[in-house]
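The values are calculated or read from the model by the stated rules, or taken from the named source; none is laboratory data. Every value quoted in this text rests on a predicted model; they were computed, and no experiment measured them. Cβ: placed from backbone, ideal geometry, glycine included. Neighbour counts: every protein chain shown. All accessible areas refer to the heavy atoms of the entire protein, side chains included, with ligands and DNA or RNA removed. Shrake-Rupley method; radii C 1.70, N 1.55, O 1.52, S 1.80 Å.
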Amino acid sequence: MKFARRLDEVPPYLFAELERKIEEKERAGIDVISLGIGDPDLPTPEPVIRALSEAAHDPSTHQYPSNRGTDEFREAAAGFYERRFGVELDPASEVVPALGGKEAVGHVCLALLDPGDLCLSPDPGYPPYTSGPLFAGAEIEYLALEEENDFLPALDAVAVEKAARANVLFLNYPNNPTGAIVAPGFFERAVEFAHEHDLVVVHDNAYSEITFDGYVAPSFLETPGAKEVGIEIFSPSKGWNMTGWRSGLVAGNAEVVERYRQLKTNLDSGMFEAVQRATVTALTDAESFPREMSEVYGGRRDLVAEALAAIGLHIEPPKATPYFWVRVPEGYTSESFAELVLEEAAVVVSPGPAYGPSGEGYFRISLTVPDDRLREAVRRIETSLQAGIIQA
């Protein structure tokens, strides 16, 4: 058989590989604690579940939905953006449903990138910022996110010839995997950069609702001129524990939103209307729920920060996201440390290079497991350290 070469251009998806390793250990009867995948362990809020159930019993939701989304969905999204971010969106032209943030990233690339184009992708970053452009036939220019620059890309360091070929700049703040927050003035510089080089900014706003210590994350669309040059992908997956629901939206520049919608009419049949109604409830009646989740993750963050410090792994606790981005102990690579932790402590962490070359020297911990399992995971790592199996 002959297969398309595009699948050979990307490595195996990180989380699929982690799932395989976990299953292998569990089949051997080993109790594995996975801190690798950012999948919330707590349920979706009850009003959202109830809204889905009621909508699923309504026969009018059983037919093909519109790729444009229902009026109710788009108006709820626009209302949420106005209340939460102070951003005015035209529900008719500047909002469209997405089947989760991951789908939106991939399909936006197909709508914006041609073979030979260049995509500016943060490194480290969410893997689809790389695979999406490659599937579109475009090339990748990695923008290193370095600790000394607060994990912000150095836009002014992008070579002129590279910027001239670029048509997409991916941004993601609060950031996965580093947990970094955007610095004042950076989004303004991104808008200027987009104007200078006639490219589209795609801001993946997956984590704005999980924040700590009084920090309130902004939307890229709050930035003056942002809608002239870009879009934002928003998802209730993390804030409302809805990863499995595959719900999200693309908002911002009307022309980009419409081209994305046109692409989707040829590739999928839209979001199940019952899920749209449930998402409306999340963005209205359950709008405050992410604050509850932030309190939960905040407690877990403090627990892990204290435990990591006790075993000699010191980091600055993040102000947002359910993630820790941690330097590996001296003498290890990211992969060798992750492998050792898995083999000796039966704990899964994500090696940094899975998010891009600049991730070498780091690993990511997810807080999406119960407190007792977090404590047990850190205890196992500490026990391995004390036994000399892992050297800090």
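Of note:
- Residues of region 22-81 classified as open to solvent by 50 Å² or more (accessible area, probe 1.4 Å), small (Gly, Ala, Ser) and within 28 Å of SER294 (Cα to Cα), total: 1
- All of VAL200, VAL191, VAL168 fail the test of being in contact with a Cys (Cβ under 6 Å, 6 or more places away or on another chain) and either closer than 19 Å to VAL257 by Cβ or crowded, with 23+ Cβ neighbours inside 10 Å (or both), apart from VAL168.
- Any chance TYR297 is of a type in the set (Phe, Trp, Tyr), at pLDDT 95 or above and out of contact with any Phe, Trp or Tyr (no Cβ under 7 Å at 6 or more places or on another chain): yes
- Residues (among the small types (Gly, Ala, Ser), over 9 Å from PHE187 (Cα atoms) and either part of a helix (DSSP H, G or I) or without any contact (Cβ under 8 Å) to a residue 12 or more places away in the chain (or both)) located in region 206-229: GLY214
- Residue in region 316-324 that is surrounded by fewer than 23 Cβ atoms within 10 Å (Cβ to Cβ), within 16 Å of ASN175 (Cα to Cα), in contact with a strand residue (DSSP E or B) (Cβ under 6 Å, 6 or more places away or on another chain) and not hydroxyl-bearing (Ser, Thr, Tyr) present: no
- A Cβ distance below 7 Å, combined with a sequence gap of six or more or placement on separate chains, defines the contacts here; from region 244-255, residues that are more than 10 Å from SER93 (Cβ to Cβ) reach residues that are of a type in the set (Phe, Trp, Tyr) in the pairs GLY248/PHE234; LEU249/PHE234; VAL250/TYR260; ALA251/TYR81; ALA251/PHE234.
- Top-ranked residue of region 271-284 - restricted to ones that are of a type in the set (S, T, N, Q) and in a helix (DSSP H, G or I), ranked as most open to solvent (accessible area, probe 1.4 Å): THR281
- Subset of region 356-375 [open to solvent by 10 Å² or more (accessible area, probe 1.4 Å), of a type outside the set (Gly, Ala, Ser) and in contact (Cβ under 8 Å) with a residue 60 or more places away in the chain]: PRO357, TYR362, VAL369, PRO370, ASP371, ARG373, ARG375
- Residue in region 90-112 that is in a loop (DSSP other than H, G, I, E, B), farther than 22 Å from SER235 by Cα and open to solvent by 30 Å² or more (accessible area, probe 1.4 Å) present: no
- Among the residues of region 210-222, those that are crowded, with 23+ Cβ neighbours inside 10 Å and over 17 Å from GLY125 (Cβ atoms) comprise ILE210, LEU221.
- Hits in region 336-354 - residues which are open to solvent by 10 Å² or more (accessible area, probe 1.4 Å), part of a helix (DSSP H, G or I) and either at pLDDT 95 or above or within 24 Å of ASN149 (Cα to Cα) (or both): PRO353, ALA354
- Residue list for region 246-270, filter: in a loop (DSSP other than H, G, I, E, B) and open to solvent by 10 Å² or more (accessible area, probe 1.4 Å): ARG246, ASN253, ASN266, LEU267, ASP268, SER269, GLY270
- Residue pairs meeting the criteria (Cβ under 6 Å; at least 6 apart or on separate chains; first assigned to a loop (DSSP other than H, G, I, E, B), in region 285-297; second surrounded by fewer than 19 Cβ atoms within 10 Å (Cβ to Cβ)): ASP285/PRO47; ALA286/PRO47
- Positions within region 285-299 being farther than 16 Å from PRO174 by Cβ and touching an Asp or Glu at 6+ places or on another chain (Cβ under 8 Å), in sequence order: GLY299
- Checked against (1) open to solvent by less than 10 Å² (accessible area, probe 1.4 Å); (2) in contact with a helix residue (DSSP H, G or I) (Cβ under 6 Å, 6 or more places away or on another chain), ALA206 passes all but condition (1).
- Annotation: ASP41 fulfils all but one of (1) touching a residue at least 60 places away in the same chain (Cβ under 8 Å); (2) acidic (Asp, Glu); (3) in a helix (DSSP H, G or I); the unmet one is (3).
- Every residue from region 249-285 that is in contact with a Leu (Cβ under 9 Å, 6 or more places away or on another chain) and within 17 Å of GLY132 (Cα to Cα): VAL256, ARG259, TYR260, LEU263, LYS264, LEU267, ASP268
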